[in-house]
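The values are calculated or read from the model by the stated rules, or taken from the named source; none is laboratory data. Here the structure is a predicted model, which means the values were calculated and not measured. Cβ placement follows ideal geometry from the backbone for every residue including glycine, while neighbour counts extend to all protein chains displayed. Heavy atoms of the whole protein, side chains included, go into the accessibility calculation; ligands, DNA and RNA do not. Shrake-Rupley method; radii C 1.70, N 1.55, O 1.52, S 1.80 Å.
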Amino acid sequence: EDVRTFKFATPGVKLTCEACCHMFGVKAYKVKDPDNSLGPKINDYFQAAKDKLFKEAKKFIVNMVEYDRDNIAESTIKKIEPFMDNPDFTPENVAKASNACKAMCMWVRAMYKYNTVALKVEPKRQLLAKAQALLDKTLATLADAKQRLQDVLDRIQTLEENYNGAVKKQQ
């Protein structure tokens, strides 16, 4: 199934298109509201996604795979956050409209979860790096102290051998 061929979008497809547009920084088209032609224009993420994201399906899949998940902008996360609490934006519910959109929904949710976990882990990762640097410095100091101790022990050994030799010679 190809989302680009859809003439109309179901709510699940619309949600998925909007979420993907937010993830890739694609702006919605401003269109007249079909339910209220006199009212203000509304955002059309479905057509924007069809034109800008889904135009080349293989390229879109590569973009998803190569997405820089370690550097997701905070503004993007804030835009995606409401989708995570939306019961209509679950893989199960989106799958009723489109299996392709189900996969995209799963990807968006995974990127959000990855970012959330990464934010919790990053301070711990930094603490680990600091602790590792301190450990490396301490181990280097220990290795230096061991080497100096070995030099002293070797010197004592030499002195004892010289002393024993001198005592033997004197006797």
>> Order 104-115, 160-171 from most to least packed using the mean count of other Cβ atoms within 10 Å.
In response: 104-115, 160-171
> Spin-label point model (7 Å from Cα, Cβ direction): what's the LYS168 to LYS78 distance in nm?
Replying inline: 8.5
> On full extension of the chain, what length is gained from SER37 through GLU92, given 0.36 nm per residue of separation minus the C-alpha to C-alpha distance?
Replying inline: 16.5 nm
>> Given bins 5 angstrom wide, list per bin the percent of all Cα-Cα distances in the range 97-154, short to long.
In response: 4, 15, 10, 10, 9, 9, 8, 7, 7, 6, 5, 4, 3, 2, 1, 0, 0
> So how exposed is ILE156, as accessible area in Å² (1.4 Å probe, rounded to 10)?
Replying inline: 80
> If you rank ASP33, ASP151 by how much accessible surface each has, with a 1.4 Å probe, what is the order from largest down?
Replying inline: ASP151, ASP33
> Stretched out fully, how many nm does the piece from PHE8 to GLU161 gain, at 0.36 nm a residue minus the Cα gap?
Replying inline: 45.4 nm
>> Can you compute the charge dipole magnitude of the range 53-131 about its Cα centre, using +1 on each Lys and Arg Cβ and -1 on each Asp and Glu Cβ, nothing else charged? Give it in debye, rounded to the nearest 20.
In response: 160
>> Using Cα-Cα distances under 8 Å and only pairs 6 or more residues apart, what relative contact order does the range 20-141 have, in percent?
In response: 19
>> Quick check: with the 1.4 Å probe, what order do SER98, SER75 take by accessible area, largest first?
In response: SER75, SER98
>> Just to check I understand the Karplus step: with θ = phi - 60° and J = 6.51 cos²θ - 1.76 cosθ + 1.60, what whole-Hz values come out for the range 88-96, glycine and proline as x?
In response: 7, 9, 10, x, 5, 6, 5, 4, 5
> So which trypsin sites (Lys or Arg not before Pro) in the range 1-97 are both in a DSSP loop and have at most 16 other Cβ atoms within 10 Å of their Cβ?
Replying inline: LYS7, LYS27, LYS32, LYS41, LYS55, LYS96
> ASP136: accessible area at probe 1.4 Å, nearest 10 Å²?
Replying inline: 80
> Hey, can you list the DSSP H helices of the chain whose Cα span along the axis is 27 Å or longer and whose average Kyte-Doolittle score is at least 1.6?
Replying inline: none
> Taking only pairs that are 8 or more places apart or on different chains, how many Lys pairs in the range 94-171 have Cα atoms under 28 angstrom apart?
Replying inline: 10
> In square angstrom, what is the accessible area per residue of the range 57-156 with a 1.4 angstrom probe?
Replying inline: 73
>> Once neighbouring chains are kept in place and the probe is 1.4 Å, which whole percent of the accessible area of the chain is contributed by carbon and sulfur?
In response: 56
